[in-house]
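The values are calculated or read from the model by the stated rules, or taken from the named source; none is laboratory data. Everything numeric here is computed off the predicted structure, so don't read it as measured data. Every residue, glycine as well, gets a Cβ built from its backbone with ideal geometry; the counts of neighbours run over all protein chains shown.
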Ligand SMILES: NC(=O)c1ccc[n+]([C@@H]2O[C@H](COP(=O)([O-])OP(=O)(O)OC[C@H]3O[C@@H](n4cnc5c(N)ncnc54)[C@H](O)[C@@H]3O)[C@@H](O)[C@H]2O)c1
C-alpha cells in the first residue's frame with residue numbers, strides 16, 4: 001500500500017511513468033490552453049479516441065476497476081486524461097494505450113504537485129481509496145489516513161495548482177441503514193462502518209475545500225457497482241455479491257444467501273445495482289457539467305432506482321452461468337440493511353444522466369469477466 005513519502009516505483013510496461021523526481025515524461029498529446037475548443041480528436045494505438053479538449057483530468061485510482069472504466073469512457077469521449085495509481089489494487093493493463101499512468105500515492109503531496117503541473121491538470125476525478133468494509137472495521141486509522149488524509153493532500157495540491165473542478169467518488173455506504181423505500185440525497189447519513197465514515201467525511205472535506213478555494217465540486221454516491229465494459233476490465237476482487245456467488249460456483253459449492261427473513265417481498269435483501277459502464281458515463285456527465293461555467297457543489301446518488309433481491313440475483317446468475325444449483329440460506333449478517341435503493345431523480349435532473357443497462361447485462365458481462373480471469377482447465 002502506498003505509504004506517505006514512499007518512493008514511487010516503475011512497473012513493467014512502457015506506459016507507466018515513475019512518479020519519482022525527474023522521472024516523469026509526457027506520453028499524452030500536448031495540451032491546448034484552457035478555453036480552447038474541443039477538436040476532432042485522433043485514435044490512439046489502443047483504439048481509444050484521444051481528443052483535444054480544453055480540460056485535462058487527473059484520475060486517481062485510474063488503474064482500478066471503476067477508475068479504468070472512467071478513464072476509458074472519458075478518453076473515448078475526447079477528454080484528455082492522466083491516471084495516478086499506487087497499484088496496491090490497480091492493474092496497469094486495464095488502461096488503454098494513450099493514457100499515461102503515474103505510479104504513486106494520493107498521500108504524496110510533492111508527487112501530486114509535480115503531476116498536476118507537468119500535465120497541466122485542470123480537473124480531478126478522485127477514486128483512489130481503500131474500499132473494504134470489514135477491513136475498515138479492523139484498521140480504521142489506515143482507512144482514515146488513506147481515504148481522508150489522501151483526499152486532504154490531494155485537495156491541497158489541487159488548490160495550489162489552480163485546479164477548479166473536483167469530482168469525488170462517494171458511496172451509498174454514507175447512508176447506513178435507512179428505513180425508507182427510496183434513498184434520496186436528503187435522507188440522513190448514518191454510516192455503519194469506518195469505510196462509510198471516511199466517505200462521508202470526504203464529502204464534507206470536498207465541499208469545505210471547494211468553498212474555501214473556489215473549486216466546483218461533485219460527489220457521486222455510487223450504489224452497488226457491477227459488470228464490466230470488457231472482460232479484461234472486470235473486477236477481480238471477491239468482495240461483492242456477484243463475484244462471491246461466482247467464486248462459490250467455481251469452487252463447486254452452492255451460493256450462500258445471508259438471511260431470508262427480512263421484511264422484503266422474498267425475504268432476502270434488496271439492492272440497487274448499477275452497471276460500471278453506466279457509472280463511467282455518469283462521471284463523464286459530471287465532468288462535462290463541471291467543465292461548463294459551474295460553481296458550487298452537487299451531491300448525487302448514482303443508481304438505477306430499482307431494487308433487485310439477492311434471491312433474484314442468484315437465480316439470474318444460475319441462468320447465465322449454466323450452474324443453477326439451489327442456494328443455501330445462512331443466518332443474517334450483522335449490519336446488512338434489508339433494502340437500499342436509490343432515488344435516481346436528482347442525477348437525471350442535474351446531470352442529464354440515467355442508467356441504460358439492466359441487471360442481466362451486468363451479470364452477463366461480469367460472468368464473461370470472471371471466466372476471462374478464471375479460465376477452467378480441460379478437466380474441470
Ligand atoms: N466497487 C464498488 O461497488 C464501489 C461502491 C461505492 C464506492 N466505490 C468507490 O469507488 C472508488 C473505486 O473503487 P473500485 O471498486 O474501482 O476499487 P479498486 O480497488 O479497484 O480501485 C481503487 C484504486 O485506487 C488505487 N489506490 C488505492 N489507494 C491509493 C492511494 N492512496 N493512492 C493512489 N492510488 C490508490 C488502487 O491501487 C486501485 O487501483 C473507491 O473510492 C471506492 O470507495 C466503489
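Things to note:
- Residues that are farther than 18 Å from residue 372 by Cα and either within 16 Å of the ligand (Cβ to nearest atom) or assigned to a strand (DSSP E or B) (or both) within the range 241-274 comprise 241, 256, 257, 258, 269, 270, 271, 272, 273, 274, listed in sequence order.
- When residue 142 is tested against the conditions (1) more than 10 Å from the ligand (Cβ to nearest atom); (2) assigned to a helix (DSSP H, G or I); (3) touching a strand residue (DSSP E or B) at 6+ places or on another chain (Cβ under 9 Å), the lone failure is (3).
- For residue 348, the conditions (1) closer than 20 Å to residue 272 by Cα; (2) in contact (Cβ under 8 Å) with a residue 24 or more places away in the chain are fulfilled apart from (2).
- Considering 111, 155, 116, the condition of being at pLDDT 95 or above, near the ligand (Cβ under 10 Å from one of its atoms), in contact with a strand residue (DSSP E or B) (Cβ under 8 Å, 6 or more places away or on another chain) and assigned to a helix (DSSP H, G or I) is satisfied by 111 alone.
- Some residue of the range 84-95 being part of a strand (DSSP E or B) and modelled with pLDDT of 95 or more: yes
- Residue match in the range 160-171 (condition: in a helix (DSSP H, G or I), more than 12 Å from the ligand (Cβ to nearest atom) and farther than 30 Å from residue 337 by Cα): yes
- A single member of 149, 98, 134 is at pLDDT below 95 and in a helix (DSSP H, G or I), and it is 134.
- Every pair of residues 6+ apart whose Cβ atoms lie under 8 Å, when the first sits in the range 75-87 and is in the same structural domain as residue 130 (by TED's automatic domain parsing) and more than 16 Å from the ligand (Cβ to nearest atom) while the second is modelled with pLDDT under 95 and not in a loop (DSSP other than H, G, I, E, B): 75/49; 75/50; 76/49; 77/49; 78/49; 78/50; 80/50
- Meets criteria (within 13 Å of the ligand (Cβ to nearest atom), buried (at least 20 other Cβ atoms within 10 Å of the Cβ) and either farther than 24 Å from residue 355 by Cα or in contact (Cβ under 8 Å) with a residue 60 or more places away in the chain (or both)) for residue 174: no
- Hits in the range 193-240 - residues which are within 11 Å of the ligand (Cβ to nearest atom) and surrounded by fewer than 19 Cβ atoms within 10 Å (Cβ to Cβ): 236, 237, 239, 240
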